[in-house]
Amino acid sequence: MIYEKNQRYIIPFDDVPSPRAEMPEISVDERRGNFVEVETGFPEDIAVQEAKRCLSCRRCLGCALCWAECESEAIDFSIPDEELDLEFDDVVVTKGQDNSFFPIDPKLGFGSYADVITDIQFERMLSPTGPTDGMVVSPLDGEIPKRMAIVQGHPNEDDDQLLSSLVLGVNESIIALDRTKDLEVILVSPINEVFKEQFLSNAEKISGLRIVKGDPESVEKDQEDAPLSLKYSENGRQQDDTFDLIVILTKPKISSEIKSLSRKLEKPVQ
Amino acid sequence: MQDKKVLIVGGGLDGVSAALEKAEAGAQVTIVEKFPTLGAERIPRDRLIQPDDAFVNPDLDKMRNHDNIQVLTYSEIKKVNRDNGKVSAHILKRSLRVDNIKCNDCKACIKVCPVNMFDDFDEGFSFRTAVDYFNPATGEYNIFKEDMPVCQQACPVNLDIRTYVAQIADGKHLDSLATIRDRLPLPGSIGRVCPHPCETACNRQYLDEPISICFLKRYVADVEINGGIEPVYETPEKKLPEKIAIIGAGPAGLTCAYHLARQGYENITIYEALPVPGGYLWVGIPEYRLPKKLLQREVDLIANMGIDIQYNKRIGKEISYEDLKKNNDAIFIGAGCHLGLKLRVPGEDEYEGKGIVDCVTFLRDQALGNPIDTKGKLIVIGGGNAAIDSARVGWRMGFDEVYILYRRTKKEMPANTWEIDAAEHEGVIIQYLAAPVEILGKDGRVSGMKCIKMELGEPDASGRRRPVPIEGSEYVIDAETIVPALSQAANLEFLGEDHGLDINRWNTFDIDEETGATNVQGVFAGGDVVTGPDIAIRAVAAGKKAAEGIHEYLRSK
Amino acid sequence: MCTGRVDPALVAKAFKKGIDGLLVVGCYFGDCHYITGNHQAKAKMDMTRKLFKFIGLNEERLAFRQCSSGEASVFVEIVSEFDQKIRSIGPLGGDGDRVKAPEIFKKLEAAEAVLAGEKIRWIIGKRTPFLETGNVYGEIFTEHEFNRAIEMIIVEEMEVQEILARLKETARSVKDLANDLAIPPSRVFRYITALKRKGMVALDKVTGQTPIFQLTGQEV
Ligand SMILES: Cc1cc2nc3c(=O)[nH]c(=O)nc-3n(C[C@H](O)[C@H](O)[C@H](O)COP(=O)(O)OP(=O)(O)OC[C@H]3O[C@@H](n4cnc5c(N)ncnc54)[C@H](O)[C@@H]3O)c2cc1C
Ligand code: SF4
Ligand code: SF4
């Protein structure tokens, strides 16, 4: 869900004029007692300037360079879309690959700092087929972190969410600790009964991982390249600590398409 | 289970294992995934793992080689229907544009492709190129070619914004106007009043602010007028004979007529109840936002395509709907929403017409030049654009003081923020968190209104916090005119009794989204009359869709 | 030689060798013996000027002018005007340029690689078809759209070529590259992972907390 689905990758270029043009208006005094048009329209130079701001968003340019390079002639721009009408006796609706999640409290720094990432991103990073072949690094500067925190992004959610995100957080710590020399991980989250009964004692045995029953409060840093400072409460006590990488446990969100399919078919999402 | 056909929606880990399970049991399985390839390995979320056994891999090989499984990646389920326990699905399978059987994964293409984009599969950590393998585990290549840029997608008529804006950048203003007119016959009007959903989507906002897409449309329309150019909208040589009647000369009806004329239909008649065209563009949106002269010109250009617009012809009055149906091959209903909703407070009925005028009537009277008494103060009730327009019109007409009463706060107000700001700027007094309790009168006329202060309580079903009255906080505002501007509803009485159209509980029609067709053959509908009060460009889009629907219907008859 | 054949990569190379200005004089539009040679020349020089501006070289150092072979006096005028201009800008990498020597020469080296590379050559060659008959999907580009595409490629190709040039010298970390090139490290990280995807860069070793990357010899 992160970026491209929203088509947001933009390359700034110096030549693009910056501020958005403002529409000229007649003054309030000129408006009383008449119906003269308030907005007077762009003059030509402003209109052209404004139009030049357009980024001409386009992905594949249709330049056919890939086609020219492909020796096995696999690229074929004329392969058409297909439309199929099919009949079924039964349907199973699953979440699909759309890893959307509910918005995260902006105080936790996701979106502001490159070294604050989500659990789903971290899962990809840990994967052997992932962008770093499974090595744990900070996307801020490509360095291997010494201290990292995994923090609950939705501390006030239902039991199911708390449980599955906690288990994921512990599992990710297990992999990260196994892959990374001298790593320290702390996991900050409220803990519920089921987790306590089924998983806590085993999780506490993992060397290098410290589980903190508490609420994350904020993530900040003074400078782009400074370490992240995490504020959290532990048993009501205010704590403040610094980390090289922070992973936020998210709450998965089912995409609206899947939701509406599930509604129409009266099949719950599995 | 034998030969049972099963559809699996979603090609993530869950989908793949569900597919395998069903297929092993003998069912014929089709798995549909939106992304170009099937899912990635995942970390379990229900048990603790061992470091060397961390990921659960979807068994993609088994899946691909299974005789009972059909894999549809890069596919979307466009429509589903449940009927007698059977499910029918219309699926769009997008082209990958790479033949993955011939592809030998040499990576030559991705080394040269000049287009980088965020890599969804790696959750944005990396770049992919426009041609790329999506999932490293499957190595299936695809070329990402968007159907249209986000701005165009967000525009209800899918205007080719990227092109028309760039044509302005190149200084080709009239070409730009032609690009717009390919879909929208009212560029000058829409370019002035549209709340521009395209700008809300525009990618440039992630850099600084969106492109001023809407005003650029107005700009090119103005270039033509200022240059004294009078264009002629072309119609094809080959004419089509069928008779088509259109009810209402609002944006929906006008656009429908325009696109039908461009197909070659020469017997198109628009019946309009009012003496003026444009629907709410004329009798709702005030002159200071959209000059009538300009609107008239755009309507004339459409009418000059050979379309007969008959004014002062209300269907259900001058002509019956039945006759219309009998005498035409197809009908488009674009009658809009012209009933103002009531406040439902004591005194309202008593003073109806004696100081109480709903906003539809108020704005229409002003637009048509009917007399309005502007003595004293004016109170407008509501938070939508119609309320703001009524207040700004009242302020211009010379009421001593103009108030807007709104139940919630500025943040919740549905009107466009720039409109609210303009009203406040002009001196309209907006009282937030206030609601009417009773209309007060003296000598048979409105003399004021009793109001009550509100506070925001718990969020309601729509997610907005519900306003609740603060007990004992009543107060009175003196006023001579009160304009309720709550919302509008469709008036379908003109249809008479035996129209046969299904009317739903919102008192509108259920239409086929793609064609605008109603349940009655040959009758189409669109615009506010279908959606309820909405925005002009969506009415334009509905008119265009219906024109295509009507053309298809008439040609297949 | 037709100006249409002036290779932008050679232009960059000439500047890298230390020239202070380069003037390309072609025929008037419509007079071209090869029909569109001078149009191509203009497009190529415009693009090269864009790239120069981006890397911090004063783009006025490169100019495209037109006159016909019979107009000796016009030619003299063009040349002396250009001469004046270059004198006022001063020597390469001095006060007249945003990026100074010797840094500018490294940039020019990467610029040469960009201009010699297939992407830019191919796309520039597509200019006329894109504007007149359309791309493989039949979409006709406006000038503005085409320029945006070129700009996008210039920015990214420059950065990637600079990274590749540094990696060719020796294996490096993301942080080093970012420091050397004044590109935000998070952006370098993304480029490195992308180059990894393409099989052009691989992990060399890890020193302390720092992964070091190297070329695989698979570059195009
Ligand atoms: C005050 C106000 C301000 C608005 N401001 C904006 C704005 O800034 N931007 C924006 O995008 N939208 C705005 N809108 C909404 C927009 O004007 C409407 O969504 C749009 O006009 C709807 O188009 P339509 O063709 O469906 O219906 P209408 O424009 O309502 O046209 C319907 C036409 O049908 C005629 N008609 C009805 N019944 C019959 C009959 N029986 N026989 C013959 N003719 C009939 C009516 O007289 C009318 O002319 C505003 C609306 C109002 C009320
Ligand atoms: S190289 Fe291929 S995928 Fe890339 S932009 Fe050109 S045509 Fe599109
Ligand atoms: S910058 Fe905005 S207007 Fe231009 S193409 Fe992109 S989304 Fe559309």
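The values are calculated or read from the model by the stated rules, or taken from the named source; none is laboratory data. Note that this is a predicted model, so its numbers are computed, not measured. Here the Cβ is made from the backbone with ideal geometry for all residues, glycine too, and neighbour counts use every protein chain on show. Quick note on the areas: whole protein, heavy atoms, side chains included, nothing else; ligands and nucleic acids left out. Shrake-Rupley method; radii C 1.70, N 1.55, O 1.52, S 1.80 Å.
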>> Restricting to the stretch C:5-36, give me the number of residues that are of a type in the set (Phe, Trp, Tyr) and over 22 Å from C:Val76 (Cβ atoms).
In response: 2
> Considering the stretch B:353-402 alone, what residues qualify as being surrounded by fewer than 23 Cβ atoms within 10 Å (Cβ to Cβ) and hydroxyl-bearing (Ser, Thr, Tyr)?
Replying inline: B:Thr361, B:Thr374
> Which of the residues spanning the stretch B:523-547 are of a type in the set (Gly, Ala, Ser) and either at pLDDT below 95 or within 16 Å of ligand 3 (Cβ to nearest atom) (or both)?
Replying inline: B:Gly532
> Could you count how many residues in the stretch A:195-229 are within 13 Å of chain B (Cβ to nearest Cβ) and of a type in the set (Lys, Arg)?
Replying inline: 1
>> Being within 7 Å of another protein chain (Cβ to nearest Cβ) and at pLDDT 95 or above: is that true of A:Phe13 here?
In response: no
> Can you tell me which residues in the stretch B:137-192 are more than 28 Å from B:Glu287 (Cα to Cα), within 16 Å of the chain's Cα centre (by Cα) and not hydrophobic (A, V, I, L, M, F, W, C)?
Replying inline: B:Gln152, B:Gln153
> Name the residues in the stretch B:5-29 that are farther than 10 Å from B:Asn68 by Cβ and either β-branched (Val, Ile, Thr) or in contact (Cβ under 8 Å) with a residue 60 or more places away in the chain (or both), would you?
Replying inline: B:Leu7, B:Ile8, B:Val9, B:Gly11, B:Val16
>> Just checking, does the stretch B:130-138 include any residue being farther than 17 Å from B:Arg64 by Cβ, facing chain A (nearest Cβ under 7 Å) and aliphatic (A, V, I, L, M)?
In response: yes
> Does B:Gly264 satisfy being of a type outside the set (S, T, N, Q) and near ligand 1 (Cβ under 8 Å from one of its atoms)?
Replying inline: no
>> Yes or no: the stretch B:49-72 includes at least one residue that is in contact (Cβ under 8 Å) with a residue 24 or more places away in the chain and within 32 Å of the chain's Cα centre (by Cα).
In response: yes
>> Step by step: first the residues of the stretch A:45-70, then only those that are within 7 Å of another protein chain (Cβ to nearest Cβ) and open to solvent by 40 Å² or more (accessible area, probe 1.4 Å), then the one that is farthest from B:Asn142 (Cα to Cα). Which residue is that?
In response: A:Lys52
> Within the stretch A:178-198, can you find the residues that are surrounded by 20 or more Cβ atoms within 10 Å (Cβ to Cβ) and not in a loop (DSSP other than H, G, I, E, B)?
Replying inline: A:Val185, A:Ile186, A:Leu187, A:Val188, A:Ser189, A:Phe195
>> All but one of (1) open to solvent by 40 Å² or more (accessible area, probe 1.4 Å); (2) in a loop (DSSP other than H, G, I, E, B) hold for A:Asp215; state the number of the condition that does not hold.
In response: (2)
>> With the structure loaded, tell me whether B:Pro185 is more than 8 Å from chain A (Cβ to nearest Cβ) and within 16 Å of ligand 3 (Cβ to nearest atom) or whether it fails that test.
In response: no
> Just checking, how many residues over the stretch A:253-269 are more than 18 Å from B:His90 (Cβ to Cβ), out of contact with any Lys or Arg (no Cβ under 7 Å at 6 or more places or on another chain) and in a loop (DSSP other than H, G, I, E, B)?
Replying inline: 4
>> From the list A:Asp29, A:Asp81, exactly one residue is within 7 Å of another protein chain (Cβ to nearest Cβ), more than 16 Å from ligand 3 (Cβ to nearest atom) and open to solvent by 50 Å² or more (accessible area, probe 1.4 Å). Which is it?
In response: A:Asp81
>> Can you find, within the stretch A:199-211, the residue that is farthest from A:Gly236 (Cα to Cα) among those that are assigned to a strand (DSSP E or B) and open to solvent by less than 30 Å² (accessible area, probe 1.4 Å)?
In response: A:Leu209
> Does B:Leu290 satisfy the condition of being over 16 Å from B:Gly253 (Cα atoms), open to solvent by less than 10 Å² (accessible area, probe 1.4 Å) and not in a helix (DSSP H, G or I)?
Replying inline: yes
>> Looking at (1) open to solvent by 40 Å² or more (accessible area, probe 1.4 Å); (2) facing another protein chain (nearest Cβ under 9 Å); (3) part of a loop (DSSP other than H, G, I, E, B), which one does C:Gly217 not meet, given that it meets all the others?
In response: (2)
>> If I ask for residues that are without any contact (Cβ under 8 Å) to a residue 24 or more places away in the chain and at the interface with chain A (Cβ under 7 Å from one of its Cβ atoms), which ones from the stretch B:74-84 would you list?
In response: B:Val80, B:Arg82
> Within the stretch B:1-21, can you find the residues that are open to solvent by 10 Å² or more (accessible area, probe 1.4 Å), more than 7 Å from every other protein chain (Cβ to nearest Cβ) and not in a loop (DSSP other than H, G, I, E, B)?
Replying inline: B:Leu13, B:Ser17, B:Leu20, B:Glu21
> When the residues of the stretch C:1-37 are filtered to those that are more than 18 Å from C:Ile120 (Cβ to Cβ) and among the small types (Gly, Ala, Ser), which remaining residue is farthest from the chain's Cα centre (by Cα)?
Replying inline: C:Gly30
>> I'm trying to understand the selection: among the residues of the stretch A:253-270, which are under 21 Å from A:Ser165 (Cβ atoms) and open to solvent by 70 Å² or more (accessible area, probe 1.4 Å)?
In response: A:Lys253, A:Lys259, A:Pro268, A:Gln270
> If B:Asp308 passes every condition in (1) charged (D, E, K, R); (2) more than 17 Å from B:Ile537 (Cα to Cα); (3) at pLDDT 95 or above; (4) within 13 Å of ligand 1 (Cβ to nearest atom) but one, which one does it miss?
Replying inline: (4)
> Assuming A:Asp141 fulfils every condition listed in (1) within 15 Å of the chain's Cα centre (by Cα); (2) assigned by TED's automatic domain parsing to the domain that holds A:Leu209; (3) surrounded by 18 or more Cβ atoms within 10 Å (Cβ to Cβ) apart from one, which condition is it?
Replying inline: (1)
>> If I ask for residues that are under 14 Å from B:Leu294 (Cβ atoms), at the interface with another protein chain (Cβ under 9 Å from one of its Cβ atoms) and among the basic types (Lys, Arg), which ones from the stretch B:191-223 would you list?
In response: B:Arg192, B:Arg218
> Can you name the residue in the stretch A:108-120 that is open to solvent by 10 Å² or more (accessible area, probe 1.4 Å) and within 9 Å of another protein chain (Cβ to nearest Cβ) and, of all such residues, is farthest from B:Leu13 (Cα to Cα)?
Replying inline: A:Ala114
> If you scan the stretch B:213-259, which residues turn out to be part of a loop (DSSP other than H, G, I, E, B) and within 16 Å of ligand 1 (Cβ to nearest atom)?
Replying inline: B:Gly248, B:Ala249, B:Gly250
> Residues C:Lys50, C:Lys85: which one is in contact (Cβ under 8 Å) with a residue 24 or more places away in the chain, farther than 30 Å from C:Ile163 by Cα and not in a loop (DSSP other than H, G, I, E, B)?
Replying inline: C:Lys85
